[in-house]
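Chemist: This is the structure, below, for whatever I ask next.
The values are calculated or read from the model by the stated rules, or taken from the named source; none is laboratory data. Not measured: the values here are computed from a predicted model. All Cβ positions, glycine included, derive from the backbone under ideal geometry; neighbour counts span all protein chains shown.
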C-alpha cells in the first residue's frame, strides 16, 4: 500500500497524539520574535495565498497578513488538534505536492530534535519520495529558524 502524506495517521504514525512540547514552543516563539518571523512562516504564507483576479492590491495585502497570522497560530502546535489542523491546512493548500511534503518534513524535524536522531524525518523522506534537494533546503530553513548558523554537513 503506497504512503499517503495526506493522511495524518501515516505522517505521524510514531505518535498519533503528538504535539510540540512546552520547551519547543517557547524556543520557537522566542526565535520567531528574534527573527521577526520564521522562515517556515514565510513558506506557509506562500502556500495559503490564493491569487484572485477580482481583488484589489489592498485586499491582497490584507489577505497575506491574515494568512501569515493564521500560520503563526497553527505553528507550533501546543495540542494534537492544532497539529492535525496544521496538517490539514498544509495538505489542502494550493501548493504543489512536493512543497506540502517539504513542510511536513520540516515538522518532523521538530519531533526528531529531542532525540538527536533523524528517525521520523528520514523515514518520511523515503516513504514520501522527497527529493534530496528539498530535504536539504527544509533542513537548512529548520536550522536557521533555530538560530543554528554553524556549517554542518548532515
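Chemist: When you scan region 1-104 for helices (runs of 4 or more DSSP H) that lie fully inside it, which ones turn up with 3 or more residues that are surrounded by fewer than 16 Cβ atoms within 10 Å (Cβ to Cβ) and at pLDDT 85 or above?
Modeler: 22-35, 80-91
Chemist: Considering only region 1-41, how many residues are out of contact with any helix residue (DSSP H, G or I) (no Cβ under 7 Å at 6 or more places or on another chain) and within 16 Å of residue 101 (Cα to Cα)?
Modeler: Number satisfying all stated conditions: 6.
Chemist: Here's another thing I want to ask about it. What residue, among those in region 130-154 that are in contact (Cβ under 8 Å) with a residue 60 or more places away in the chain and outside any helix (DSSP H, G or I), is surrounded by the fewest Cβ atoms within 10 Å (Cβ to Cβ)?
Modeler: The selected residue is 147.
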